């Protein structure tokens with residue numbers, strides 16, 4: 001009898017939700033452990049030297065479940081073999097997503113910015129900042145830094161207190177993305193980038209950056225709808241076509 005498969009996850013985690021949906025779509029029987037509700041889950045991961053989720057374990061083996069192809073290989077599943085969008089199309093979609101996130105974070109009243117997301121301690125303010133930090137971390141990694149979970153989840157500075165503050169920070173990130181793309185040779189998509197989930201190509205990391213930011217921007221729209229505020233220029237399904245997004249926006 002094979003060892004049980006366990007998925008460790010937390011609410012609002014984009015990669016966690018995508019991994020969970022991937023396992024369900026392939027008919028995998030697995031135990032689901034929400035490490036927020038069950039702190040012993042994180043303790044078990046820490047004993048293996050793991051600091052973040054999602055993680056899939058099977059006996060003594062484990063994988064940081066960030067890349068669907070790697071999950072498929074780990075479990076001996078057929079990969080969906082979906083081809084990523086070309087780099088130039090990913091850059092266009094990332095630009096669209098970051099611009100949308102700027103609009104949405106401005107719409108959240110200052111009085112609500114420090115409210116927590118469902119099942120998490122992360123606030124709306126931190127979520128808005130995180131969207132732009134994802135893209136900023138990509139640029140730092142492309143320039144030679146290692147992409148770390150700690151950098152991706154660093155908190156906003158004390159100077160970023162309002163939606164307008166965060167949107168202004170986001171505009172700086174958006175400008176940096178535009179400048180990077182303008183000065184990037186066409187042959188760099190296969191370039192290797194160091195990440196906390198292993199060496200990946202620039203193409204893979206850019207795709208992850210784009211859908212990761214997009215999923216969290218969908219969550220900002222969820223927040224606005226919860227507050228009975230109509231998102232300014234909502235992102236539509238067609239806008240995000242081709243990105244490997246989870247079906248759901250939130251899972252708690």
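The values are calculated or read from the model by the stated rules, or taken from the named source; none is laboratory data. All values reported here derive from a predicted model rather than from experimental measurement. All Cβ positions, glycine included, derive from the backbone under ideal geometry; neighbour counts span all protein chains shown.
Here are the numbers:
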| item | result |
| --- | --- |
| Checklist (1) over 30 Å from residue 185 (Cβ atoms); (2) at pLDDT 95 or above applied to residue 78, failing item | (2) |
| Residues being over 17 Å from the mean Cα position of the chain (by Cα) and either closer than 20 Å to residue 221 by Cβ or without any contact (Cβ under 8 Å) to a residue 24 or more places away in the chain (or both) - total across region 89-98 | 1 |
| Identity of the residue in region 19-52, part of a helix (DSSP H, G or I) and touching a helix residue (DSSP H, G or I) at 6+ places or on another chain (Cβ under 7 Å), that ends up nearest to residue 250 (Cα to Cα) | 19 |
| Those residues of region 188-215 which are out of contact with any helix residue (DSSP H, G or I) (no Cβ under 7 Å at 6 or more places or on another chain) and under 17 Å from residue 130 (Cα atoms), in sequence order | 208, 211 |
| Output for region 182-208, where each listed residue is surrounded by fewer than 16 Cβ atoms within 10 Å (Cβ to Cβ) and assigned to a helix (DSSP H, G or I) | 182, 186, 187, 188 |
| Flag if residue 215 is surrounded by 20 or more Cβ atoms within 10 Å (Cβ to Cβ) and either modelled with pLDDT of 95 or more or part of a helix (DSSP H, G or I) (or both) | yes |
| Residue within region 222-239 that is closer than 25 Å to residue 88 by Cα, modelled with pLDDT of 95 or more and part of a helix (DSSP H, G or I) present | yes |
| Filtered residues of region 121-149 (kept if buried (at least 16 other Cβ atoms within 10 Å of the Cβ) and closer than 18 Å to residue 250 by Cβ) | 122, 123, 124, 125, 126, 127, 128, 130, 131, 134 |
| Qualifying residue in region 165-179 (condition: farther than 20 Å from residue 87 by Cβ, assigned to a loop (DSSP other than H, G, I, E, B) and out of contact with any strand residue (DSSP E or B) (no Cβ under 6 Å at 6 or more places or on another chain)) | no |
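Table: residues versus (1) assigned by TED's automatic domain parsing to the domain that holds residue 15; (2) within 27 Å of residue 193 (Cβ to Cβ).
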position: 63; (1), (2): yes, yes
position: 110; (1), (2): no, no
position: 120; (1), (2): no, no
position: 137; (1), (2): no, yes
position: 145; (1), (2): no, yes
